[in-house]
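Asker: If you scroll down you'll find the structure; I have some questions about it.
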Amino acid sequence: MKVRGAAGPAIARGGADVAVRLRVVLPEHLRNLADVRGEVALEVPPPATIGRVLDALEALHPVLRGTILDHATRRRRAFVRFFANGRDLSHEPMETELPDAVARGEEPFVVVGAMAGG
Amino acid sequence: MSGVRVLVGTRKGAFILTADGKRDRWDVQGPLFAGWEVYHLKGSPIDLNRIYASQSTGWFGQLIQRSDDGGTSWTPVGNEFAYEGVPGTHQWYDGTAHPWAFTRVWHLEPSLDDPDTVYAGVEDAALFRTTDAGASWHELPGLRRHGSGANWQPGAGGMCLHTIVLDPTRPQRMFIAISAAGVFRTDDGGVSWHAMNRGLRSDGVLPDPEADVGHCVHRIAMHPSRPDVLFMQKHWDVMRSDDGGGSWTEVSGNLPSDFGFPIEVHAHEPETIYVVPIKSDSEHYPPDGKLRVYRSRTGGNEWEALTSGLPQEDCYVNVLRDAMAVDSLGPCGIYFGTTGGQVYASSDDGDHWAPIVRDLPAVLSVEVQTLP
């Protein structure tokens, strides 16, 4: 996937609990909705989990609430998938820690609209 | 100078078509919300700059957009539609119990007296309301708790609340229609509801063809000057009620098919109504490949085909339930959109038609604002 405007590397502030800057890639419809170009940079307190990334994403862009996770159940919507550093995390619990390269901001957390036409 | 603004929802975005009062030269704006299904857009009757739109996809769910400047700019507002309590089950297509689940907003009906108040009809069927211009939505649960909800079942498009008709003379009264449950009326602002389906007959669909609830009502329409007179396009049968939905009689008359989706009332002639006959529920296209609007000037039973300017051979499009509307100019303008992406307009009560646009995505809804 070619995305313009990649964010910079993780921010190191010296403390173990300091938030790191993660990179998130959104599908085109959600980038347009959130009015972002390229990747989204998020600061997430460690440990960086799927749930914390999505919470931070919704906090930064409230318009995305309900579009990735169901409002009521907080479950992933059926046609949305999560990829990270070559792994499919779509079916992992929200508490799942992200791969090191993603947690360090070297690779993005990728939100994908499931492959389908329509 | 007066004019019209036609709000078109399609499978892949929304379009706004504008013209002056002559209605012969059109400006086309869009696609708005490109790639998303826009089931419905509608403007406030008392603030023409205030427009609400229902935007959704199977991938990313439901959004509601609001414009405060006549559709030039849009802001996403609240999109959480949470049922009150545990919603329970309704019937699935095979009659088994199926959990109630929110899918999308089919229809938005702005209040007649407050631009910040809007009713939303949703799938699975329920009625929601906002009183803060869309920031938050709250269910009016009395409808779903009418007592018959466990027997409601989906039509081909889903179990949707697709029609909301507000009574301009009795602020506490409104009508809604659900496929497939039927018509319900409230006289206390949505707290309690009564099924209003006496006279409807659905052979081959219900164990009791004349059951109180379970009818696939496709659309109801009212002229504001006569709020006790309602017209209905049912799955099969065109019906009318002269007692506020208390009873219905069939007025299909000489229609070539009494299956169809939309029904509309002329802006200035309360007994002039329009339908678009469709061949059948499994063949969603016009009879004989001829796209014909039928007009009755007698409130039903006697119908005339309106064909001038409409394709009269090899036409196999459908016209969906929310895809017809009238303006309030004189002569009355009639508009409808097709699943083939055409939006047709007549500026002379339906006598002559011309396409405004021919190649949009499949049209889901058409509404008209008459501008001063």
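No lab work stands behind these numbers, since they all come straight from the coordinates. Note that the structure is a prediction, hence the values are computed from the model and not measured. No Cβ is skipped: glycine too gets one built from the backbone with ideal geometry, and neighbour counts run over all protein chains shown.
Asker: So, A:Ala101, is that one away from chain B (no Cβ under 14 Å), under 13 Å from the mean Cα position of the chain (by Cα) and closer than 22 Å to A:Pro47 by Cβ or not? Even if it seems obvious, please write down each step before you answer.
Answerer: Numbers: away from chain B (no Cβ under 14 Å): yes; under 13 Å from the mean Cα position of the chain (by Cα): no; closer than 22 Å to A:Pro47 by Cβ: yes.
No; evaluated as a whole, the condition is false for this residue.
Asker: Follow-up question, since we're still on this one. So how many residues does the stretch A:24-45 have that are in contact with a helix residue (DSSP H, G or I) (Cβ under 8 Å, 6 or more places away or on another chain) and crowded, with 17+ Cβ neighbours inside 10 Å?
Answerer: 8
Asker: Could you grab the pairs with beta carbons closer than 9 Å, sequence gap of 6+ or different chains, first residue in the stretch B:64-88 and within 12 Å of another protein chain (Cβ to nearest Cβ), second one loosely packed, with under 14 Cβ neighbours inside 10 Å and acidic (Asp, Glu)?
Answerer: Matching pairs, first to second residue: B:Val77/B:Asp132; B:Gly78/B:Asp132.
Asker: Now a separate question. Just wondering, is there one or more residues in the stretch B:106-126 that are in a strand (DSSP E or B), within 11 Å of another protein chain (Cβ to nearest Cβ), touching a strand residue (DSSP E or B) at 6+ places or on another chain (Cβ under 7 Å) and on the phi < 0 side of the Ramachandran plot? Working first, answer last.
Answerer: Let us first name the residues in the stretch B:106-126 that are in a strand (DSSP E or B), namely B:106-110, B:118-123, B:126.
Then drop every residue that is not within 11 Å of another protein chain (Cβ to nearest Cβ), which leaves none.
No, the conditions are met nowhere in the stretch B:106-126.
Here is a yes/no grid of residues against (1) among the aliphatic types (A, V, I, L, M); (2) more than 19 Å from B:Ile16 (Cα to Cα); (3) touching a helix residue (DSSP H, G or I) at 6+ places or on another chain (Cβ under 9 Å):
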| residue | (1), (2), (3) |
| --- | --- |
| B:Thr272 | no, yes, no |
| B:Leu306 | yes, yes, no |
| B:Ala325 | yes, no, no |
| B:Val357 | yes, no, no |
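Asker: On to the next question. Do we find that B:Lys234 is farther than 22 Å from B:Glu367 by Cα and basic (Lys, Arg) in this structure? Show your work before the answer.
Answerer: Values: farther than 22 Å from B:Glu367 by Cα: no; basic (Lys, Arg): yes.
Judged against the criteria, B:Lys234 is not a match.
Asker: List, please: which pairs have Cβ atoms under 8 Å, are six or more places apart or on different chains, and start with a residue in the stretch A:31-47 that is outside any strand (DSSP E or B) and end with one that is surrounded by fewer than 18 Cβ atoms within 10 Å (Cβ to Cβ) and acidic (Asp, Glu)?
Answerer: From the stretch A:31-47, the pairs are A:Pro45/A:Asp17; A:Pro46/A:Asp17; A:Pro47/A:Glu97.
Asker: Also: Quick check on the stretch B:20-41. Is at least one of its residues within 14 Å of another protein chain (Cβ to nearest Cβ), under 22 Å from A:Thr73 (Cα atoms), outside any loop (DSSP other than H, G, I, E, B) and without any contact (Cβ under 8 Å) to a residue 60 or more places away in the chain? It would help to see each step written out before you state the result.
Answerer: Step one: filter the stretch B:20-41 for residues within 14 Å of another protein chain (Cβ to nearest Cβ), giving B:31-38.
Imposing the further condition that a residue be under 22 Å from A:Thr73 (Cα atoms) reduces the set to none.
Checked the stretch B:20-41: no residue is within 14 Å of another protein chain (Cβ to nearest Cβ), under 22 Å from A:Thr73 (Cα atoms), outside any loop (DSSP other than H, G, I, E, B) and without any contact (Cβ under 8 Å) to a residue 60 or more places away in the chain.
Asker: Of all the residues that make up the stretch B:142-201, how many are among the β-branched types (Val, Ile, Thr), over 16 Å from the mean Cα position of the chain (by Cα) and within 25 Å of B:Glu37 (Cα to Cα)?
Answerer: Going through the stretch B:142-201, the residues among the β-branched types (Val, Ile, Thr) turn out to be B:163-165, B:169, B:176, B:178, B:183, B:186, B:191.
Checking the rest, the ones that are also over 16 Å from the mean Cα position of the chain (by Cα) come to B:169, B:186, B:191.
Those still in the list that are within 25 Å of B:Glu37 (Cα to Cα) too: none.
The qualifying residues number 0.
Asker: What residue, among those in the stretch B:325-359 that are of a type in the set (Phe, Trp, Tyr) and outside any loop (DSSP other than H, G, I, E, B), is surrounded by the fewest Cβ atoms within 10 Å (Cβ to Cβ)?
Answerer: B:Tyr344
Asker: Now for a different question. Mind listing whichever residues of the stretch B:89-141 are of a type in the set (S, T, N, Q) and either free of Cβ contacts under 8 Å to residues at least 24 places away in the same chain or buried (at least 20 other Cβ atoms within 10 Å of the Cβ) (or both)?
Answerer: Restricting attention to the stretch B:89-141, the residues satisfying the condition of being of a type in the set (S, T, N, Q) are B:89, B:91, B:96, B:103, B:111, B:117, B:130-131, B:136.
Of everything in the stretch B:89-141, those that are of a type in the set (S, T, N, Q) and either free of Cβ contacts under 8 Å to residues at least 24 places away in the same chain or buried (at least 20 other Cβ atoms within 10 Å of the Cβ) (or both) turn out to be B:Thr96, B:Thr117, B:Thr130, B:Thr131.
Asker: Which one is surrounded by the most Cβ atoms within 10 Å (Cβ to Cβ) among residues in the stretch A:96-118 that are touching a helix residue (DSSP H, G or I) at 6+ places or on another chain (Cβ under 6 Å) and assigned to a loop (DSSP other than H, G, I, E, B)?
Answerer: That would be A:Glu107.
Asker: I need the full set of residues from the stretch B:314-372 which are under 18 Å from B:Glu269 (Cα atoms), among the hydroxyl-bearing types (Ser, Thr, Tyr) and in contact (Cβ under 8 Å) with a residue 60 or more places away in the chain, in order please.
Answerer: B:Ser328, B:Tyr335, B:Ser347, B:Thr370 - these are the residues of the stretch B:314-372 that are under 18 Å from B:Glu269 (Cα atoms), among the hydroxyl-bearing types (Ser, Thr, Tyr) and in contact (Cβ under 8 Å) with a residue 60 or more places away in the chain.
Asker: For the stretch B:47-63, how many residues are of a type outside the set (Ser, Thr, Tyr) and either within 11 Å of chain A (Cβ to nearest Cβ) or touching a Pro at 6+ places or on another chain (Cβ under 6 Å) (or both)? Give the derivation first.
Answerer: Of the residues in the stretch B:47-63, the ones of a type outside the set (Ser, Thr, Tyr) are B:47-51, B:53, B:55, B:58-63.
Subset that is either within 11 Å of chain A (Cβ to nearest Cβ) or touching a Pro at 6+ places or on another chain (Cβ under 6 Å) (or both): B:47, B:50, B:55, B:58-63.
Residues that pass the stated criteria total 9.
Asker: Can you name the residue in the stretch B:89-99 that is within 11 Å of B:Gln153 (Cα to Cα) and either touching a helix residue (DSSP H, G or I) at 6+ places or on another chain (Cβ under 8 Å) or assigned to a strand (DSSP E or B) (or both) and is also farthest from the other protein chains (Cβ to nearest Cβ) among such residues?
Answerer: Taking the stretch B:89-99 and keeping what is within 11 Å of B:Gln153 (Cα to Cα), we get B:89-98.
Filter again for either touching a helix residue (DSSP H, G or I) at 6+ places or on another chain (Cβ under 8 Å) or assigned to a strand (DSSP E or B) (or both), leaving B:89-91, B:97-98.
Values: B:Thr89: 17, B:His90: 18, B:Gln91: 22, B:Ala97: 20, B:His98: 16 Å.
Selected residue: B:Gln91.
Asker: If you check B:Val319, B:Val326, B:Val251, B:Val276, which single one turns out to be touching an Asp or Glu at 6+ places or on another chain (Cβ under 7 Å) and within 27 Å of B:Met159 (Cα to Cα)?
Answerer: B:Val326
Asker: Further question: Taking the residues in the stretch A:51-93 that are part of a strand (DSSP E or B) and more than 14 Å from every other protein chain (Cβ to nearest Cβ) as candidates, determine which candidate is surrounded by the most Cβ atoms within 10 Å (Cβ to Cβ). So that I can check it myself, show each step before the final result.
Answerer: Going through the stretch A:51-93, the residues part of a strand (DSSP E or B) turn out to be A:69, A:76, A:80-84, A:87-88.
Now drop any that are not more than 14 Å from every other protein chain (Cβ to nearest Cβ), which leaves A:83-84, A:87-88.
Details: A:Phe83: 18, A:Ala84: 23, A:Arg87: 13, A:Asp88: 11.
For the stretch A:51-93, the residue satisfying everything is A:Ala84.
Asker: Right, something else. So if I check each of B:Pro311, B:Pro286, which one is under 19 Å from B:Gly337 (Cβ atoms) and in contact with a Phe, Trp or Tyr (Cβ under 8 Å, 6 or more places away or on another chain)?
Answerer: On the way: B:Pro311 fails: in contact with a Phe, Trp or Tyr (Cβ under 8 Å, 6 or more places away or on another chain).
Result of the check over B:Pro311, B:Pro286: B:Pro286.
Asker: Go through the residues of the stretch B:289-303 one by one and say whether even a single one is aliphatic (A, V, I, L, M) and either over 29 Å from B:Leu166 (Cβ atoms) or touching a helix residue (DSSP H, G or I) at 6+ places or on another chain (Cβ under 8 Å) (or both). Spell out how you get there, then give the answer.
Answerer: Quick first cut of the stretch B:289-303, residues aliphatic (A, V, I, L, M) only: B:291, B:293.
The next check asks that each one be either over 29 Å from B:Leu166 (Cβ atoms) or touching a helix residue (DSSP H, G or I) at 6+ places or on another chain (Cβ under 8 Å) (or both); those that pass are B:291.
Checking the stretch B:289-303: at least one residue is aliphatic (A, V, I, L, M) and either over 29 Å from B:Leu166 (Cβ atoms) or touching a helix residue (DSSP H, G or I) at 6+ places or on another chain (Cβ under 8 Å) (or both).
Asker: Conditions first: (1) more than 18 Å from B:Val363 (Cβ to Cβ); (2) out of contact with any helix residue (DSSP H, G or I) (no Cβ under 6 Å at 6 or more places or on another chain). B:Gly30 passes all but one, so which condition is the exception?
Answerer: Answer for B:Gly30: the failing condition is (1).
Asker: Restricting to the stretch B:127-168, give me the number of residues that are farther than 20 Å from B:Leu364 by Cβ and assigned to a loop (DSSP other than H, G, I, E, B).
Answerer: Residues flagged as farther than 20 Å from B:Leu364 by Cβ and assigned to a loop (DSSP other than H, G, I, E, B) within the stretch B:127-168 amount to 19.
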